[in-house]
Amino acid sequence: MSKIAGKRLVYFPNITFTLCRGLNLQPKFAVFRVPLHVNKFDVRDYLQHVYNLKVVSVKSRIYQGKLFRNQLGQVKRPQSEKRVIVEMEEPFVYPNAPNDLKDWQEGELLPDGSNVKTLSRYPKVLEQVDMKRVNEELSKLQDKQILESQQKIARLLKKKY
Amino acid sequence: MRSTLASAQKAAVRIPKGFVFPVPKVKSAPKVSDTHPLWNFFRDKQALPPPSEEAKFGRAWAAEELRWKSFNDLHGLWYNCLREKNLLFTQRAEMKRLQLTIPKASNERVLAVNKTMAAIKFVLWERQRAYTSAKQLEKQKGSS
């Protein structure tokens, strides 16, 4: 039995940890969504005893929900959310989502594979720019313009003669 | 991509021939060991297992079955339920991120896990109650 950092000795913990995708973090860091009452010692003890994960450091932050108006016009604020950034000894990368999501989508599918529900929403993942492709397209465009200019010159020469 | 290409088309006249935009370095992803503890948050190391496979699961443990178990067995089963619950909620978060509808099988799985945990606590409560009542009887016998 290793040492317990917190004061409470809990035999049956009932806290749900959700592993989130930390897009801008280094591989040695992992992000968990955690209930509000959990403190850093609880996080360390939980991960150590439930998952046998060696935790180097823990950082936590509470995200406040944004105000919105419901159908009656009342101003409401959703529940706050606590996220915890855990530093680990070994790196871990969240696995990629599957490319083809047809198996998970319900309802009618349009011919291009998109779902009716998501038509009115923004694109799911912003497309990253491929600079190699941009360079290729640029060279093609320049070649095309050179050809056009040469053709114009040829026409002018023909007209003169 | 489209906006960049459009701006490239407009600027093609001004950009000298042979110019190449800088290509960012591709950083290689670090190798994750197969025995990393965080793989417990995924089933078969997939962010989203196929829903057809996810729909195959058994029922929750009943209190009758758990009464035969020792405390250590119940303790271990509780921790397995905890890991399973975390796994399911991680999948749900990924589905919400991708704006997918959460299937019924996921909800049913969570219910089964919750029922198992409730059954474990019920069985332990029964034992605790029997123990306290036995102690009280012993005290009464001792006093009389």
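The values are calculated or read from the model by the stated rules, or taken from the named source; none is laboratory data. Since this is a predicted model, take the numbers as computed values, not measurements. All Cβ positions, glycine included, derive from the backbone under ideal geometry; neighbour counts span all protein chains shown. Only protein heavy atoms, including side chains, enter the accessible area calculation; ligands, DNA and RNA are left aside. Shrake-Rupley method; radii C 1.70, N 1.55, O 1.52, S 1.80 Å.
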Q | Phi-based couplings in Hz for region A:148-158 (Karplus 6.51, -1.76, 1.60; Gly and Pro marked x) | A | 4, 5, 5, 4, 4, 4, 4, 4, 4, 4, 4
Q.
Please give the charge dipole size of region B:63-143, origin at the Cα centre, charges +1 on K and R Cβ atoms and -1 on D and E Cβ atoms. Round to the nearest 20 debye.
A. 240
Q | Neighbourhood net charge (13 Å Cβ-Cβ; Lys/Arg +1, Asp/Glu -1) for B:L124 | A | +3
Q: Would you work out which of A:V38, A:F68, A:V93 lies farthest towards the positive end of the dipole of region A:18-93, given +1 charges on the beta-carbon of Lys and Arg and -1 on that of Asp and Glu, about the Cα centre?
A: A:F68
Q | B:K56-A:Q151 pseudo-label distance in nm [points 7 Å out on the Cα-to-Cβ vector] | A | 6.1
Q. Out of residues 5 or more away from A:L53 or on other chains, whose amide H comes under 5 Å of its own, with H placed 1.01 Å from N in the peptide plane?
A. A:Q48
Q. Angle between the Cα long axis of helix B:2-11 and the longest principal axis of chain B, 0 to 90 degrees, nearest 10?
A. 20
Q. With each pseudo-label sitting 7 Å past Cα toward Cβ, what's the B:H75-B:A134 distance in nm, one decimal?
A. 1.9
**Q.** Ordering of A:32-39, B:88-95, B:21-28 by burial proxy (mean other Cβ atoms within 10 Å per residue, highest first)
**A.** B:88-95, A:32-39, B:21-28
Q) How large is the charge dipole for chain B, taken about the Cα centre, if only the Cβ atoms of Lys, Arg (+1) and Asp, Glu (-1) carry charge, to the nearest 20 debye? A) 700
Q) Quick one: ranking B:W78, B:W68 by accessible area, 1.4 Å probe, largest first, what do you get? A) B:W68, B:W78
**Q.** Heavy-atom accessible area ranking, 1.4 Å probe, most first, across B:K121, B:K104
**A.** B:K104, B:K121
Q. Which of the pairs B:K27/B:K96; B:K56/B:K104; A:K82/B:K121; A:K82/B:K104; A:K66/B:K85 have their Cα atoms more than 19 Å apart in this structure?
A. B:K27/B:K96; A:K82/B:K121; A:K82/B:K104; A:K66/B:K85
Q. At a probe radius of 1.4 Å, what is the per-residue accessible area of A:L156, in Å² to the nearest 10?
A. 110
Q: Calculate the spin-label point distance for B:T35 paired with B:R67, positioning each point 7 Å from the Cα along the beta-carbon direction, and give it in nanometres.
A: 4.1
Q) When only C-alpha pairs under 8 Å and at least 6 residues apart count, what is the relative contact order of chain B, in percent? A) 29
Q.
I'd like the accessible area for A:K132, computed on protein heavy atoms only with a 1.4 Å probe and all protein chains in place. Round to 10 Å², please.
A. 130
Q) Which ³J(HN,Hα) values, rounded to whole Hz and listed in residue order, are derived for region B:24-39 from phi using the Karplus coefficients 6.51, -1.76 and 1.60 in 6.51 cos²θ - 1.76 cosθ + 1.60 with θ = phi - 60°, glycine and proline given as x? A) x, 5, 8, 7, 6, 6, x, 6, 9, 5, 5, 9, 5, x, 6, 5
Q) Largest first, how would A:I153, B:I120 line up by accessible area (1.4 Å probe)? A) A:I153, B:I120
Q: Report the FRET efficiency, 1/(1 + (r/R0)^6), for A:V75 and B:R83, where r is their Cβ-Cβ distance and R0 is 51 Å, rounded to 0.05.
A: 0.80
